[in-house]
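Asker: Structure in structure tokens, see below.
The values are calculated or read from the model by the stated rules, or taken from the named source; none is laboratory data. Because the structure is predicted, anything quoted here is derived from the model rather than measured. In this analysis, Cβ positions are derived from the backbone assuming ideal geometry, glycine residues included, and neighbour counts consider all displayed protein chains.
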Amino acid sequence: MVGGIATTLLVATLSFGGAIEGYLQELAREAKERDPNFTGFSKERGERIFTSLQRGKRGKKMACTSCHTRDLTQWGEQIFTGKKIAPLAPRANGERLQDIKKVKKWLRRNFKDTYGREGTPQEKGDVLLYILNF
Amino acid sequence: MFSSTFSTSEKGETMFIKRVVLIALIIGAGGASQDHNGTSLYRTLCSECHMAYQPQLLPARSWEKIMGNLEDHFGVDATVEERERRLLTEYLKERSGDRRGAEELGEFAQSVPPNETPLRISETPYFKKEHREIPKRLVKQREVKSFANCTACHPRAQRGEYEPISIPNYGPWED
């Protein structure tokens, strides 16, 4: 029931379609379970999550932007290895946010590297909304 | 100079397919497709943050140790599913440079004393010897960052070809 409300909200306001929509709905259900006051994801919160400097790894403070840059339509770079990273924004790179297994894997890894812990369902939804709207 | 069975060149790919076909004819498709799965899994999962290093570049015990701690992989999280982790470990160990009959790149693994288990290719004695003349600043510069970035100086390294050599902001390296 509760999940149903969140789902309706999301479908009404997002409609990105495809697998990512299903994953956002799953995250919304989980967020609502954790916090009954949850009303939906916010790309403004997502932007803060993506751009704010956190504890990072290897003695280096990091933000999501450290590797992906602030402009998600541009190429980034893995800061430790130098390997180039294709743009994260789906409007610049049609392959992004298509494969949910891949999305989950990288959110797990990248939250751990940047924040030193996994992201909450709300944080993941917020940040995905930010990337989708970039 | 250096080439190896682990090669992503078109030639390598064709040779690989031929071998697979042969093996498939002899022992049935099961074993061969396993082999192919290992290769594509390795090239997908271990080339996301750097090139997929040729398995010959380290001894089996080093791969085992690396694959046993992907949570803290040189300071970053490189975890994969447990099933994938096991497949990749087997794949790497079977092709490691310290096994008998390893090809040229096996010199890296074979230079490691038996009581050592380096986690880096760049820590093997053979690697150090080959790279001893390169000034530190050319390695530390932002276009390279570290010796782990083989492709910065060996543009064809992913295919198992370590020549030609050209260092950013320095140019071609002639002996």
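Asker: Can you tell me how many residues within the stretch A:81-90 are within 12 Å of chain B (Cβ to nearest Cβ) and aliphatic (A, V, I, L, M)? Quick ask: steps written out before the conclusion?
Answerer: The initial filter retains those residues of the stretch A:81-90 that are within 12 Å of chain B (Cβ to nearest Cβ), namely A:81-86.
Still in the list and also aliphatic (A, V, I, L, M): A:85-86.
Result for the stretch A:81-90: 2.
Asker: For the stretch B:74-88, state whether one or more residues are more than 14 Å from chain A (Cβ to nearest Cβ), surrounded by fewer than 16 Cβ atoms within 10 Å (Cβ to Cβ) and farther than 26 Å from A:I85 by Cα.
Answerer: Taking the stretch B:74-88 first, the residues more than 14 Å from chain A (Cβ to nearest Cβ) are B:86-88.
If we keep only those that are surrounded by fewer than 16 Cβ atoms within 10 Å (Cβ to Cβ) as well, we get B:86.
After this cut, where a residue has to be farther than 26 Å from A:I85 by Cα as well, the list is B:86.
The answer is yes; a qualifying residue exists.
Asker: If you don't mind, another one. Taking only pairs six or more apart or across chains, which ones have beta-carbon atoms under 8 Å, a first residue in the stretch B:102-114 that is within 9 Å of B:L57 (Cα to Cα) and crowded, with 19+ Cβ neighbours inside 10 Å, and a second residue that is among the hydrophobic types (A, V, I, L, M, F, W, C) and modelled with pLDDT of 95 or more?
Answerer: B:L105/B:L57; B:F108/B:L57; B:F108/B:L58; B:F108/B:I121; B:F108/B:F127; B:A109/B:L57; B:A109/B:L58
Asker: Please name all residue pairs, on different chains or six or more residues apart, with Cβ atoms under 6 Å, provided the first residue is in the stretch A:102-113 and is more than 9 Å from chain B (Cβ to nearest Cβ) and in a helix (DSSP H, G or I) and the second residue is surrounded by 15 or more Cβ atoms within 10 Å (Cβ to Cβ) and aliphatic (A, V, I, L, M).
Answerer: Once the first residue is more than 9 Å from chain B (Cβ to nearest Cβ) and in a helix (DSSP H, G or I) and sits in the stretch A:102-113, its partners that are surrounded by 15 or more Cβ atoms within 10 Å (Cβ to Cβ) and aliphatic (A, V, I, L, M) give A:V103/A:L97.
Asker: Please determine, by comparing only the residues of the stretch B:124-175 that are among the hydroxyl-bearing types (S, T, Y), without any contact (Cβ under 8 Å) to a residue 40 or more places away in the chain and more than 14 Å from chain A (Cβ to nearest Cβ), which one is farthest from B:M51 (Cα to Cα). If you could, list the steps in order and put the result at the bottom.
Answerer: Restricting attention to the stretch B:124-175, the residues satisfying the condition of being among the hydroxyl-bearing types (S, T, Y) are B:124, B:126, B:146, B:151, B:162, B:166, B:170.
Now narrow it down to the ones that are without any contact (Cβ under 8 Å) to a residue 40 or more places away in the chain: B:126, B:146, B:166, B:170.
Retained after the next criterion (residues that are more than 14 Å from chain A (Cβ to nearest Cβ)): B:126, B:166, B:170.
Working: B:Y126: 20, B:S166: 17, B:Y170: 22 Å.
Ranking the qualifying residues of the stretch B:124-175, first place goes to B:Y170.
Asker: Okay, next question. If you scan the stretch A:55-67, which residues turn out to be buried (at least 17 other Cβ atoms within 10 Å of the Cβ) and among the polar types (S, T, N, Q)? Break it down into steps so the answer makes sense when it comes.
Answerer: Taking the stretch A:55-67 as the starting set, the residues that turn out to be buried (at least 17 other Cβ atoms within 10 Å of the Cβ) are A:56-57, A:62-64, A:66-67.
Correct list: A:S66 only.
Asker: Out of A:G56, A:G125, I need the residue that is of a type outside the set (S, T, Y), outside any loop (DSSP other than H, G, I, E, B) and more than 14 Å from the chain's Cα centre (by Cα). Which one? Show your work before the answer.
Answerer: On the way: A:G125 fails: more than 14 Å from the chain's Cα centre (by Cα).
Answer to the check: A:G56.
Asker: Still on this structure, please answer the following. What number of residues within the stretch A:68-80 are surrounded by fewer than 20 Cβ atoms within 10 Å (Cβ to Cβ) and either facing another protein chain (nearest Cβ under 10 Å) or not aromatic (F, W, Y) (or both)? Even if it seems obvious, please write down each step before you answer.
Answerer: Residues of the stretch A:68-80 surrounded by fewer than 20 Cβ atoms within 10 Å (Cβ to Cβ): A:69-71, A:73-75, A:77-79.
Remaining after also requiring either facing another protein chain (nearest Cβ under 10 Å) or not aromatic (F, W, Y) (or both): A:69-71, A:73-74, A:77-79.
Number of matching residues: 8.
Asker: Which members of the stretch A:62-101 meet the condition of being in a helix (DSSP H, G or I) and farther than 26 Å from B:K140 by Cβ? Reasoning before the result, please.
Answerer: If we filter the stretch A:62-101 for residues that are in a helix (DSSP H, G or I), which is where we start, we get A:65-68, A:100-101.
Within the stretch A:62-101, A:I100, A:K101 meet the criteria.
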